[in-house]
1. I'd like the FRET efficiency for Lys383 and Asp420, computed as 1/(1 + (r/R0)^6) with the beta carbon distance as r and R0 of 30 Å, rounded to 0.05.
2. So which trypsin sites (Lys or Arg not before Pro) in segment 307-375 end up in coil per DSSP with only 16 or fewer other C-beta atoms within 10 Å?
3. Highest first, please rank the peptides 94-102, 297-305 by the mean number of other Cβ atoms sitting within 10 Å of their residues.
4. Could you state, as a whole-number percent, how many of the C-alpha pairs of segment 74-136 are farther apart than 14 Å?
5. How big, in percent, is the set of alpha carbon pairs in segment 115-245 lying more than 20 Å apart?
6. Evaluated at 25 °C with a viscosity of 0.890 mPa s, what Stokes-Einstein diffusion coefficient in µm²/s does segment 47-90 have when Rh comes from the Kirkwood expression over alpha-carbon pairs?
7. Please express the shape of segment 279-419 as an equivalent ellipsoid: the semi-axes are the square roots of 5 times the eigenvalues of the C-alpha gyration tensor, given largest first in whole angstrom.
8. So between Lys326 and Trp39, what do we pick up on full extension, going 0.36 nm a residue minus the alpha carbon distance?
Amino acid sequence: MITESKNENSSSGAWMLSYSMAPRYFTVGVFILVFAGLWIGGLYSYPLFHSLAEMFSVVVAFGAFTIAWNSRRYLENQYFLFVGFSFLFVGFIDILHTLAYKGMNVFPGYDSDLPTQLWIAGRYFESLSLLVAPAFLDRKLKTRYLLAILCAAAAALLFAIFGGQFPACFVEGRGLTPFKIASEYIVSLLMIVSAWLIVRRRDKFDPDVVRLLVAAVIINVVSEMSFTLYTDPYGYSNMLGHYLKIIAYFLFYKAIIETAFTRPLNLLFRDLQRSEEQLRTTSLMDELTGLYNRRGFLAVAEQQLRIAERVRRKVRLLFADLDGMKSINDTYGHRIGDQALVEVAEILRTVFRRSDILARLGGDEFAVLGLDESDADAFVLVKRLQQEVARRNAQADRVYRISLSTGISEFNPDNPCSLDHLMSRADTLMYEDKRYRKGEAMAKIALH
């Protein structure tokens, strides 16, 4: 085993800390440059500043929809589906708001009231979506019906605005109307309630996602407050509100798009992890080793295979049998035999990942099921296992020696098989290995 000095560990830890902080400094640096660029652009042309600021949120909104649409078949958390689908229409309304803004001259015959109405419509759509989304954490969404309802709601808002039925939000020469100011406060209240609902149902989310979503909502609320203060669409409070909106939507990006895109397995396996935690409080654990027993292994492994087939990932199943268990019991007693079983469990925990499913299937037989996330072949995995066994056997004052026979089978999502078949194949290969080991042992005895 390779050991390192305390100084090496300290320097390594400091290097890792600085490395992990590097992306944060990079993000802050990019934000400073972007904000500086927007500020300079705003000095040259406020419509340019406004368009760039709004396009950022539109890109995030459309990105959230794209991720939701492509993951709709396997994403268990329906909150992200609802928000992603809703953001498609929020982004579309924001595009119209951008095109209608003062100085863009896309919609002739309209004054600054039109973009302000579209702004309020988008914020109502966004805040109500965030408010309703938690209701679908425990319900299955029918995506076609959801899209139809969202489309109808967006169309009704747009018909009301362009048909002159939507309340006035901005009057030239006077500024914001009481309806617009009241709406900003109502939208803020709806967002605060939506954040409270997220915190209340935080067990359904990754902890990082909860923090990011709540932070995004809070900054959104502050942004809405700044939009209650301006009298000129080109004013400083309007500019501040758009800066805050950029930050809020960056946090939405981190929570929804980045989480769903770069860490999809975290979302997919939350239900699996939750079921594992529940199993630990039942009779599905082996009392001696702390691993799953056969019943617990079968329950979790079946779910793992379903997820692997859904996300097109290979899975490896390793069977391991403690050789000479009867001899250890007969020679040293059952207490030492139990100690050997516990040691095998410790070996498996050392060699394999925390995310892998470890089990004692009964007697001296163990199993490990895990996603195949590396290019290492079965030989490399077995070699790692046997190296740990050899390291322990080399320790001084050992009463017994550990020897493991192994067999590995693979689940391929392109040619899926049942868990029974996977276990049968691994069991057959393990006993072939056991016969080979016995043959080697007999040959060594004959040579002597």
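1. It comes to 0.60.
2. Taking segment 307-375 and a limit of 16 other Cβ atoms within 10 Å, the loop trypsin sites (Lys or Arg not before Pro) found are Arg312, Lys314, Arg353, Arg354.
3. Answer by packing, highest mean first, reads 94-102, 297-305.
4. Tail of P(r) above 14 Å: 59 percent of Cα pairs.
5. Above the 20 Å cut-off, segment 115-245 has 52 percent of its Cα pairs.
6. Rounded, D is 224 µm²/s.
7. Value: 28, 18, 11 Å, ordered largest first.
8. Working it through step by step, the gained length comes to 95.5 nm.
Coordinate-derived values only; no laboratory data. These figures come from a predicted structure and were not determined experimentally. Positions of Cβ are backbone-derived with ideal geometry, glycine not excepted, and every protein chain shown enters the neighbour counts.
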